[in-house]
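Report on one structure; see the data block that follows.
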Amino acid sequence: MSVAQLPPHPARAPREGKALQKGQQTKAAIVDAALALATQIGLEGLSIGALADATQMSKSGVFAHFGSREELQISVVREYHARFEQQVFYPAVGEPRGLPRLRAMFANWMKLTSVELDSGCIYISGAVEFDDRPGPVRDALAWSVQTWHEAMRRAITLAKDEGHLRAEVEEEQMLFEIHGLILALHYEARFLKNPGSIARAHTGFENILQRYGVPAVAVAAKSAPKSRPTARAAKE
């Protein structure tokens, strides 16, 4: 029997598969630890050495999964964005189009923000760190925030289409004001420690809806099923 006719080693593929799976699990654990660390010290504070200490791994072991500090930072941004979508966006998609969905998106955003007042927000701290530093990390951060903004903008457009917001409402302006509430909340509650900041953010959102919304009577009239004319009415 020639070498070419020898059967393949049966245990090689399973071993490679297990090694790959273990490698992915290890990388996921490193990213999880890096995200927890970044919320405390910022993306700029992340380093292969600091993460090796936090995970009790060797520097070479951490480096093997990322190759550079920049790639580590980008992986953290991507992981934060994925979790943000899971907690804020996707649960709201099941709500009816229009104000119910827009309200759910803001409520979920506020719920996450309330937690991050203690831990920190990667989007906000990252913007401070990389606002004037062009490069892949800034690009990843900007793309993540812009993706969320586009989802909010779409929700506002749908609310207009459903007749819940006035037709002349400018999506960009309304989004700007809503996003401003979140930024103000972080500053007021996390930095200034002002009590009642969360309640004021909720009040601010309701004020925005009142200013841009269609009166409840008009919304109810539009959403109510149209009754068919009776035979007598048709004759008249």
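Each reported figure results from applying straightforward, stated rules to the coordinates on display, with no laboratory input. This is a predicted model, so every value here is computed, not measured. Note: ideal-geometry Cβ built from the backbone for every residue, glycine included; neighbour counts use all protein chains shown.
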*Please give the contour-minus-distance gain from Ala28 to Glu85: 0.36 nm per residue of separation, less the Cα-Cα distance, rounded to one decimal in nm.*
18.8 nm
_Order of Glu44, Glu170 under a 10 Å beta carbon neighbour criterion, fewest first_ = Glu170, Glu44
*asked:* Shape verdict for the range 90-211, please, from the Cα gyration tensor: rounded (a/c under 1.5), prolate (a/b greater than b/c) or oblate.
replied: oblate
*Nearby aspartates and glutamates by direct alpha-carbon distance to Lys59 (threshold 16 angstrom, same-chain neighbours under 8 apart not counted)*: Glu70, Glu71
*Ranked from highest to lowest mean number of other Cβ atoms within 10 Å per residue, what is the order of the peptides 154-167, 171-184?*
154-167, 171-184
_Prolate/oblate/rounded label for the range 97-166 (Cα gyration tensor, a/c 1.5)_ = oblate
*Treat the count of other C-beta atoms within 10 Å as a stand-in for reagent exposure and order Val169, Val88, Val115 from fewest to most.*
Val115, Val169, Val88
*Modelled FRET efficiency - R0 22 Å, Ala199 with Glu95, Cβ distances, 0.05 increments*: 0.45
